[in-house]
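Worksheet: the structure to be examined is printed underneath.
The values are calculated or read from the model by the stated rules, or taken from the named source; none is laboratory data. What you are looking at is a predicted structure, and each value in this text was computed from that prediction instead of being measured. Neighbour counts are summed over all protein chains in view; Cβ atoms, including those assigned to glycine, are modelled from backbone coordinates with ideal geometry.
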Amino acid sequence: MKYKIRFADKEDYKVINEIIREVHGLHVKNRPDVYTETDKPLSEDEFKEILENDRYKMFLV
């Protein structure tokens, strides 16, 4: 099986947000003392800021 690795771009927000929401839900379920429920654990604006910041690299496989 071949995989393609690439940098994330702003069009990837929808799919990445689904993963982040799922992971955040697990955090809320298992550590409610630390995490609270939210509809958007990562806003689209925050996502764009991450992509534009040279300190971060986000990859998709």
#### Entry: Residue tally, condition assigned to a loop (DSSP other than H, G, I, E, B) and either within 15 Å of the chain's Cα centre (by Cα) or surrounded by fewer than 10 Cβ atoms within 10 Å (Cβ to Cβ) (or both), over the range 23-32
1
### Summary
When (1) assigned to a helix (DSSP H, G or I); (2) without any contact (Cβ under 8 Å) to a residue 12 or more places away in the chain; (3) of a type in the set (A, V, I, L, M) are applied to ILE20, the one that fails is (2)
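Residue by residue through the range 15-29, note down the ones that are more than 17 Å from PHE59 (Cβ to Cβ) and among the charged types (D, E, K, R). Quick ask: steps written out before the conclusion?
Going through the range 15-29, the residues more than 17 Å from PHE59 (Cβ to Cβ) turn out to be 21-22, 24-29.
If the condition is that a residue be more than 17 Å from PHE59 (Cβ to Cβ) and among the charged types (D, E, K, R), then ARG21, GLU22, LYS29 are the ones that fit.
Does TYR35 satisfy the condition of being part of a loop (DSSP other than H, G, I, E, B), hydroxyl-bearing (Ser, Thr, Tyr) and surrounded by 11 or more Cβ atoms within 10 Å (Cβ to Cβ)?
yes
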### Task
Pick out the one residue from LEU51, LEU42 that is assigned to a loop (DSSP other than H, G, I, E, B) and either of a type in the set (Gly, Ala, Ser) or at pLDDT 95 or above (or both).
LEU42
